[in-house]
Amino acid sequence: MHQIKRLLTLAAVLIAITSPALANSLVVYSPQGEENVQWIIDQAKAAGHDVQFLRAPGGELFDRLVAEKNNPQADVVLGMVDTSMALLKMNGLFQPYTPVWAPDLPAQYKDKEGIVYKFWSTPVVIAYDSDKLAPERAPKSWLDLTRGEYNGKYVIGNTAWQTTRVYLAGILARFLDDKGDVTQAGWNFLGAFYANAIVVDDADARKEAFKSGGAIINLNWFGGVTKDAKELGMQVKVIDTEGGTPVISEGVAIMAGTDQLEQAKAFVDWFGSADVMAGYAKKFGQVPVLPAALAKSPPEVQANAELVKAQPIDWDAIAPKLDGWLQKIELEIR
């Protein structure tokens, strides 16, 4: 257990946004955007919570947390996605705690061990340009995308991108045997999925695929679809796919090595509450998963929550396998 809270200097991409640095401040590690983090800090301060945030991309925070396991600097981890939270939990970095708002969460947003709880979610959807594709010609399922009529009509991004990882995991999760391994049919499908696509490595190449008119089907997180539609002048429709849509959920957990357990519990109780989550939804348009928070959210947020049905995915089971799957994709399929 650490004696004095400190934030170490990282590479330029790692930015600390803090309230006044006090030895008894609660330290929260988060990959949330700068504006999002500042909003949380301001709201927390008004509610009487003294917090410091260390924010960075999720992959870098993950590596840092693992490296700090025996000398933890964080008290709370907030906003990392399903697979990262599952792996950190498996590495013994978190301790059990049931927030006061947790009993009302749907089962898919809390783990069986009572350690990680999710607070908002984003679907990774199939959307299409309705000016260039009639509704009756649009795919009904992720598994439809290998059909010849969609050849060169959708883009697969870099496997380092979180969105790409999520929909690849969602596809492979449909082809698991009783041991949780991907069947040969699954790998065959993924080969056809790549062969039928425009495959890109960077954001510029991805954008060009849509600008050129070749790509008219967008595999992306919901906010990214909305952003693309505005930037590229697309009229998009989101598909509620057969078999469900993969959903990224962001979680919160308390570090096993915290020396501020009571402060951490109080902060987590406050952060995930219906009023705070509804306030976040109003500010940023994110969909909260707590029913009471969703009921207090703006009508457009409530409407977005009903766009698609979530695909049932056991992220705890998939998380340890995902890196191996992605390596096989890079070496043998892509």
Problem - Count of residues meeting criterion [within 24 Å of Glu242 (Cβ to Cβ), in contact with a helix residue (DSSP H, G or I) (Cβ under 7 Å, 6 or more places away or on another chain) and part of a loop (DSSP other than H, G, I, E, B)] in the range 161-217 - result: 4
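One line per residue, one yes/no per condition, for (1) open to solvent by 40 Å² or more (accessible area, probe 1.4 Å); (2) farther than 30 Å from Phe193 by Cβ; (3) in contact with a Pro (Cβ under 7 Å, 6 or more places away or on another chain):
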{"site": "Leu88", "(1), (2), (3)": "no, no, no"}
{"site": "Phe94", "(1), (2), (3)": "no, yes, no"}
{"site": "Tyr97", "(1), (2), (3)": "yes, yes, no"}
{"site": "Ala102", "(1), (2), (3)": "no, yes, no"}
{"site": "Tyr128", "(1), (2), (3)": "no, no, no"}
Practice task
Evaluate the range 284-295: report whether one residue or more is under 25 Å from Pro103 (Cα atoms), more than 16 Å from the chain's Cα centre (by Cα) and not hydrophobic (A, V, I, L, M, F, W, C).
Solution key: yes
Handout entry: Count of residues meeting criterion [under 21 Å from the mean Cα position of the chain (by Cα) and farther than 30 Å from Tyr128 by Cβ] in the range 241-268
Key = 6
Problem - Lone qualifier among Gly251, Gly243, Gly324 - being without any contact (Cβ under 8 Å) to a residue 12 or more places away in the chain and either small (Gly, Ala, Ser) or in contact with a helix residue (DSSP H, G or I) (Cβ under 9 Å, 6 or more places away or on another chain) (or both) - result: Gly324
Practice task
Could you look through the range 118-146, keep only residues that are touching a residue at least 12 places away in the same chain (Cβ under 8 Å) and charged (D, E, K, R), and pick out the one that is farthest from Lys328 (Cα to Cα)?
Solution key: Asp131
Fill in the blank from the handout: Leu232 passes all but one of the listed conditions (1) buried (at least 20 other Cβ atoms within 10 Å of the Cβ); (2) at pLDDT below 90; the exception is number (1)
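Please verify whether the range 139-159 includes one or more residues that are modelled with pLDDT under 95, open to solvent by less than 10 Å² (accessible area, probe 1.4 Å) and in a loop (DSSP other than H, G, I, E, B).
Taking every residue of the range 139-159 in turn, at least one turns out to be modelled with pLDDT under 95, open to solvent by less than 10 Å² (accessible area, probe 1.4 Å) and in a loop (DSSP other than H, G, I, E, B).
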Exercise for the section: Search the range 114-123 for residues being at pLDDT below 95 and out of contact with any Asp or Glu (no Cβ under 9 Å at 6 or more places or on another chain), and hand back the single one that is surrounded by the fewest Cβ atoms within 10 Å (Cβ to Cβ). Expected result: Gly114
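The values are calculated or read from the model by the stated rules, or taken from the named source; none is laboratory data. Note that the structure is a prediction, hence the values are computed from the model and not measured. So basically every Cβ, Gly included, is an ideal-geometry build from the backbone, and we count neighbours across all protein chains shown. With ligands, DNA and RNA removed, areas are computed over all heavy atoms of the protein, side chains included. Shrake-Rupley method; radii C 1.70, N 1.55, O 1.52, S 1.80 Å.
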